[in-house]
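The values are calculated or read from the model by the stated rules, or taken from the named source; none is laboratory data. What you see is a predicted model; the values in this text were computed from it and never measured. Don't worry about glycine lacking a Cβ; one is built from the backbone with ideal geometry, like all the others, and counts go over all protein chains shown.
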Amino acid sequence: MGILIEKTQDCPYVNFSEEGILEIEGRSITEDPFTFWQPLLEWVEGYCQNPSPTTQLIVYLEYSNSSSNKYISEIFHKLEEVHGKKTQISVKWRYELEDDAILQLGHDFSSIFSLPFKFEEVAEARERFKKVKIRSKKTGSEAIISYRYWDAIVRNGHGDEYQILQEFS
């Protein structure tokens, strides 16, 4: 079973799937990084016991404080231990146009860990701000969620449990 966490003001969106796609996107400035990151580290540790043949870690940060960077570093470390043995790891480090600090953070990680990094500049960030209003077919409850979160729900096989009521730009 994977992990899916909706982005908040202080914590990033996370979608770790057993199919080998691990995504972290957003801002990580939580006041209690242990509570947020420790379950993710434990999941990665369990995943590394029986990983998918290929694993892609996609990181797209707006900002990350030093405490969060320590935990992200631990994720890289755990993945590095199985790279080339149990799975082929690749890292896609996404950064916004002219965000030199996040680009440099990615280069710092790539110089520390022997994982293949691909750097991808993102010129247009509007897509990740789209929202959708959905209704649960089971309970009837409604929610407005990010399009990115909806996409993860669908990819994880639960899209048919909801009805899209409205899309927002």
Which of the residues belonging to the stretch 74-89 are surrounded by fewer than 18 Cβ atoms within 10 Å (Cβ to Cβ), at pLDDT 95 or above and not in a helix (DSSP H, G or I)? Gln88
Given the residues Lys70, Lys92, Lys118, Lys133, which is the only one that is of a type in the set (Lys, Arg) and not in a strand (DSSP E or B)? Lys70
Restricted to the stretch 148-169 and to residues being acidic (Asp, Glu) and over 21 Å from Pro12 (Cβ atoms), the residue modelled with the lowest pLDDT is Glu167
For the stretch 20-40, check the following and say yes or no: at least one residue is over 21 Å from Val154 (Cβ atoms), polar (S, T, N, Q), modelled with pLDDT under 95 and in contact with a Cys (Cβ under 6 Å, 6 or more places away or on another chain). yes
Quick one: in the stretch 95-115, which of the residues that are surrounded by fewer than 15 Cβ atoms within 10 Å (Cβ to Cβ), hydrophobic (A, V, I, L, M, F, W, C) and part of a helix (DSSP H, G or I) is nearest to the chain's Cα centre (by Cα)? Ala101
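The rows are residues; the columns are (1) among the acidic types (Asp, Glu); (2) closer than 17 Å to Ser73 by Cα; (3) in contact with a helix residue (DSSP H, G or I) (Cβ under 8 Å, 6 or more places away or on another chain).
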site	(1), (2), (3)
Lys7	no, no, yes
Val14	no, yes, yes
Glu18	yes, no, yes
Ile24	no, yes, yes
Val44	no, yes, yes
Gln49	no, no, no
Thr55	no, yes, yes
Which of (1) under 16 Å from the mean Cα position of the chain (by Cα); (2) modelled with pLDDT of 95 or more; (3) surrounded by fewer than 19 Cβ atoms within 10 Å (Cβ to Cβ); (4) assigned to a helix (DSSP H, G or I) is the odd one out, the single condition Arg128 does not satisfy? (2)
